[in-house]
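Undergrad: What follows is a structure written as structure tokens; I'll ask about it next.
The values are calculated or read from the model by the stated rules, or taken from the named source; none is laboratory data. Since we're looking at a predicted model, the values are computed, not measured. Here the Cβ positions follow ideal geometry from the backbone for every residue, glycine too, while neighbour counts run over all protein chains shown. SASA here: full protein model, heavy atoms, side chains in, ligands and nucleic acids out. Shrake-Rupley method; radii C 1.70, N 1.55, O 1.52, S 1.80 Å.
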Amino acid sequence: MTVKTRFAPSPTGDLHIGGARTALYSWLHARKEGGTFLLRIEDTDRERSTQASLDAILEGMAWLGLDYDEGPIFQTDRFDRYAEVIQQLMDSGHAYYCYCSREELDAMREKQWANKEKPRYDGRCRHRTEPVAGVEPVIRFRNPDEGDVVIKDLVKGDIVINNRELDDLVIARSDGTPTYNLTVVVDDIDMGMTHVIRGDDHINNTPRQINIMEALGATIPAFAHVPMILGDDGKRLSKRHGAVGVMHYRDAGYLPEAVINYLIRLGWSHGDQEVFTMEEMLKYFKLSDINGAASTFNTEKLNWMNQQYFKSLPAETIAGHLQWHIEKQGLDISKGPSLTDVIEGQRDRAKNLVDFVESSRYFFEDFDSYDEKAQKKQFKAGVDATLQFIHDKLSALPEWNPEAIDAVIKASCEELELGMGKVGPPLRLAVAGTPMSPSLDVTLNLVGRERTLARIEKAIAVIGGMTE
RNA sequence: GUCCCUAUCGUCUAACGGUUAGGACAUCGCCCUUUCACGGCGGUAAUCGGGGUUCGAAUCCCCGUAGGGACACCA
């Protein structure tokens, strides 16, 4: 059978980093098997569903490169079908009206809690034949009383739950709208899901869903319950931990390739390998290799992963991801070296895209002041003469390229009988305004002759203007 | 409280009954070096506790303990 998986978020917030990982696993499983991946929006809770959340989810998926073959399918478009199935369950005796009031149910649960029992509906309306006047009933699924439900989970192994732990869940609200457990079941059946991959916070729903599926005579799909992602306090990752929305990671300067790689390795492994190409991910990924235990999100390692991709991705790809940040930070790169050349020069030292833009400004724009500490240390009396010497040699250069520039700097050191340590730092500060930049030949080459010479002249003036 | 899941360095993990318990991040030292980085070499650091099974247990079983999850007319 052709594999079919889905990602089924509810549009009640950003695309959470944990949801993104689940989506990635589902996507990977479908893609590697040549199957179909579907996006379904579980928006039956109209109170909490928002357009902004939907947009955020779609945006997050797109940014990560998780494309889908079908969808987005909205559950709110399928109410007729849910009503049909609910009627079918009523007709077959698998469901019944329940007239219990909120107060009655609360009292029931309270008593059970007091008796140290698991709060569950006791089925008191199961045999009611007459409606209760003035009460719009809900519809409950008649859960089997005895026997075990076995979840054959690809991640956790077999999970056995006795039907005595389950109760008759509400499948239709008093206003007739279907609830989650019903819609999921109907959709997963109708849409032909072969694998249900979702967070393990759903494990408790699974036996109920299996029971409904069986009542409907449907084939039970395979399940894979993926563990939660925890924050560094060991608690389930949430807004309290700061960055949970996927788009936050774009904003913070992470490369989607790095986020994907970090996410796949969080809770899944293939021997000792850390960095995977997409081809390798598709080749090696197996649901059964997902770790059954929850894992803690670690930003330090994500940072490292981001740097790995910074170093290895084609400059053009990085340039593409950079566009958004360049615009955001208002950097004009129209006058200056080519962006890909700057990427080649900076890729070993940039931590992320935000940092990249910030620390590459001097390639494109002039600066008003120098790094304070460095200025104090490097711009001392006498240095102006050194800079002047180099300036003259550079201006006489027939060709402006790294090799020629390097030769000038080395020759200057020799002629002035100074070590590179005396010449390099002030020259760098003069041209870049900061003590951090690629090697001098690369830096000056990228800054360009005209700008380099002007900046050296300016530095000489600054040094000359200092009180002796 | 009840049920479910989980348990190897601080973190992510490897090990599929026999290893000096391996790798990666972080951290600490050294090297490289014109800055910042990159890189290279090395160090510290783990099988939750107790019982079994076995010639042999991180690995299998049981009991604790701890963490997480679920117990809605939310999804």
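Undergrad: So A:Gly176 clears everything in (1) part of a strand (DSSP E or B); (2) open to solvent by 30 Å² or more (accessible area, probe 1.4 Å); (3) within 28 Å of A:Asp77 (Cβ to Cβ) except one condition, right? Which one?
TA: (1)
Undergrad: In addition: Inside region A:159-173, can you point out the residues that are crowded, with 19+ Cβ neighbours inside 10 Å and part of a loop (DSSP other than H, G, I, E, B)?
TA: A:Leu166, A:Asp168, A:Leu169
Undergrad: A further question follows. If we scan region A:278-301, do we find a residue that is open to solvent by 30 Å² or more (accessible area, probe 1.4 Å), more than 15 Å from RNA strand B (Cβ to nearest atom), among the small types (Gly, Ala, Ser) and outside any loop (DSSP other than H, G, I, E, B)? Spell out the reasoning first.
TA: Narrowing region A:278-301 to residues open to solvent by 30 Å² or more (accessible area, probe 1.4 Å): A:278-280, A:282-284, A:286, A:288-289, A:291-294, A:296, A:298-301.
Next, only the ones that are more than 15 Å from RNA strand B (Cβ to nearest atom) stay: A:278-280, A:282-283.
Subsequent filtering for residues that are among the small types (Gly, Ala, Ser) retains none.
No, region A:278-301 has no match at all.
Undergrad: To continue, here is another question. If you check A:Arg250 against the conditions, is it away from RNA strand B (no atom under 16 Å from the Cβ) and part of a helix (DSSP H, G or I)?
TA: On the way: away from RNA strand B (no atom under 16 Å from the Cβ): yes; part of a helix (DSSP H, G or I): yes.
The answer is yes for A:Arg250.
Undergrad: Then there is this: Give the residues of region A:1-35 that are assigned to a strand (DSSP E or B), farther than 15 Å from A:Gly245 by Cβ and either open to solvent by 10 Å² or more (accessible area, probe 1.4 Å) or not polar (S, T, N, Q) (or both), sorted by residue number. I'd like the intermediate steps shown before the answer.
TA: Of the residues in region A:1-35, the ones assigned to a strand (DSSP E or B) are A:4-7, A:16.
Restricting the remaining residues to those that are farther than 15 Å from A:Gly245 by Cβ gives A:4-7.
Result: A:Lys4, A:Arg6, A:Phe7.
Undergrad: Out of A:Asp371, A:Asp366, I need the residue that is closer than 19 Å to A:Gly465 by Cβ and in contact with a Ser or Thr (Cβ under 7 Å, 6 or more places away or on another chain). Which one? So that I can check it myself, show each step before the final result.
TA: Working: A:Asp366 fails: in contact with a Ser or Thr (Cβ under 7 Å, 6 or more places away or on another chain).
None of the other options fit; the residue is A:Asp371.
Undergrad: Residues of region A:144-165 being in contact with a strand residue (DSSP E or B) (Cβ under 8 Å, 6 or more places away or on another chain) and either within 9 Å of RNA strand B (Cβ to nearest atom) or of a type in the set (Phe, Trp, Tyr) (or both), which ones?
TA: Across region A:144-165, the qualifying residues are A:Ile151, A:Asp153, A:Val155, A:Lys156, A:Asp158, A:Ile159, A:Val160, A:Ile161, A:Asn162.
Undergrad: Among (1) open to solvent by 40 Å² or more (accessible area, probe 1.4 Å); (2) over 30 Å from A:Lys32 (Cβ atoms), where does A:Cys100 come up short?
TA: So the condition that A:Cys100 fails would be (1).
Undergrad: A:Glu257 fails exactly one of the following numbered conditions: (1) charged (D, E, K, R); (2) assigned by TED's automatic domain parsing to the domain that holds A:Ser92; (3) surrounded by 21 or more Cβ atoms within 10 Å (Cβ to Cβ). What is the number of that condition?
TA: (2)
Undergrad: Given (1) acidic (Asp, Glu); (2) away from RNA strand B (no atom under 16 Å from the Cβ); (3) farther than 29 Å from A:Ala215 by Cβ, where does A:Glu103 come up short, assuming only one miss?
TA: Only one criterion in (1) acidic (Asp, Glu); (2) away from RNA strand B (no atom under 16 Å from the Cβ); (3) farther than 29 Å from A:Ala215 by Cβ is unmet by A:Glu103, namely (2).
Undergrad: Let me ask something else about it. Report yes if A:Ile17 is among the β-branched types (Val, Ile, Thr), more than 23 Å from A:Val185 (Cα to Cα) and not assigned by TED's automatic domain parsing to the domain that holds A:Gly192, otherwise no.
TA: In short, yes.
Undergrad: Turning to a different aspect of this structure: Across region A:20-40, which residue is farthest from RNA strand B (Cβ to nearest atom) among those that are among the hydrophobic types (A, V, I, L, M, F, W, C) and more than 18 Å from A:Val184 (Cα to Cα)? Reasoning before the result, please.
TA: Our first condition is that a residue be among the hydrophobic types (A, V, I, L, M, F, W, C); within region A:20-40, this holds for A:20, A:23-24, A:27-28, A:30, A:37-39.
Okay, now just the ones that are also more than 18 Å from A:Val184 (Cα to Cα), so A:20, A:24, A:27-28, A:30.
Details: A:Ala20: 15, A:Leu24: 14, A:Trp27: 18, A:Leu28: 16, A:Ala30: 20 Å.
Within region A:20-40, the match that is farthest from RNA strand B (Cβ to nearest atom) is A:Ala30.
Undergrad: Quickly run through region A:36-80 and pick out the residues that are of a type in the set (D, E, K, R), within 23 Å of A:Ile171 (Cα to Cα) and either open to solvent by less than 70 Å² (accessible area, probe 1.4 Å) or free of Cβ contacts under 8 Å to residues at least 24 places away in the same chain (or both). Don't jump to the end; show me each part of the working.
TA: Going through region A:36-80, the residues of a type in the set (D, E, K, R) turn out to be A:40, A:42-43, A:45-48, A:55, A:59, A:67, A:69-70, A:77-78, A:80.
From what is left, the residues that are within 23 Å of A:Ile171 (Cα to Cα) are A:40, A:42-43, A:45-48, A:77-78, A:80.
Within region A:36-80, A:Arg40, A:Glu42, A:Asp43, A:Asp45, A:Glu47, A:Asp77, A:Arg78, A:Asp80 qualify.
Undergrad: How many of the residues making up region A:132-143 are modelled with pLDDT of 95 or more and more than 11 Å from RNA strand B (Cβ to nearest atom)?
TA: 3
Undergrad: If you don't mind, there's one more thing I want to ask. Among all residue pairs at least 6 apart or on different chains, which show Cβ distances below 6 Å where the first residue, located in region A:136-153, is touching a residue at least 24 places away in the same chain (Cβ under 8 Å) and the second is open to solvent by 30 Å² or more (accessible area, probe 1.4 Å) and outside any strand (DSSP E or B)?
TA: Pairs that qualify, where the first residue is touching a residue at least 24 places away in the same chain (Cβ under 8 Å) and the partner is open to solvent by 30 Å² or more (accessible area, probe 1.4 Å) and outside any strand (DSSP E or B), are A:Glu136/A:Ser174; A:Pro137/A:Tyr99; A:Val138/A:Arg173; A:Val138/A:Ser174; A:Arg142/A:His94.
Undergrad: Determine if region A:208-219 includes at least one residue that is within 25 Å of A:Gly292 (Cα to Cα), open to solvent by 30 Å² or more (accessible area, probe 1.4 Å) and at pLDDT 95 or above. So that I can check it myself, show each step before the final result.
TA: First, pick out the residues of region A:208-219 that are within 25 Å of A:Gly292 (Cα to Cα): A:208-211.
Applying the additional criterion that residues be open to solvent by 30 Å² or more (accessible area, probe 1.4 Å) yields A:208.
With the extra rule that they be at pLDDT 95 or above, the set shrinks to A:208.
So far as region A:208-219 goes, yes, one or more of its residues are within 25 Å of A:Gly292 (Cα to Cα), open to solvent by 30 Å² or more (accessible area, probe 1.4 Å) and at pLDDT 95 or above.
Undergrad: Which of the helices (runs of 4 or more DSSP H) found entirely inside region A:365-468 contain at least 3 residues meeting this: closer than 20 Å to A:Asp348 by Cβ? Reasoning before the result, please.
TA: Working: elements: A:372-378, A:383-395, A:402-416, A:420-432, A:440-447, A:449-464.
So the answer is A:402-416, A:420-432, A:440-447.
Undergrad: Moving to a separate point now. Just the residues that are over 17 Å from A:Lys311 (Cβ atoms) and not in a loop (DSSP other than H, G, I, E, B), please, taken from region A:262-277.
TA: Scanning region A:262-277 gives A:Leu263, A:Ile264, A:Arg265, A:Trp268.
Undergrad: Looking at A:Ile333, A:Ile343, A:Ile390, A:Ile326 in this structure, which one is modelled with pLDDT of 90 or more and in the same structural domain as A:Gly424 (by TED's automatic domain parsing)? Write out each step before concluding.
TA: Values: A:Ile333 fails: in the same structural domain as A:Gly424 (by TED's automatic domain parsing); A:Ile343 fails: in the same structural domain as A:Gly424 (by TED's automatic domain parsing); A:Ile326 fails: in the same structural domain as A:Gly424 (by TED's automatic domain parsing).
Selected residue: A:Ile390, the only one of A:Ile333, A:Ile343, A:Ile390, A:Ile326 that is modelled with pLDDT of 90 or more and in the same structural domain as A:Gly424 (by TED's automatic domain parsing).
Undergrad: Considering only region A:302-359, state which residues are among the aromatic types (Phe, Trp, Tyr) and free of Cβ contacts under 8 Å to residues at least 12 places away in the same chain. Steps first, answer last, please.
TA: The initial filter retains those residues of region A:302-359 that are among the aromatic types (Phe, Trp, Tyr), namely A:304, A:309-310, A:324, A:356.
Correct list: A:Trp304 only.
Undergrad: How many of the residues making up region A:350-364 are part of a loop (DSSP other than H, G, I, E, B) and buried (at least 17 other Cβ atoms within 10 Å of the Cβ)?
TA: So the answer is 5.
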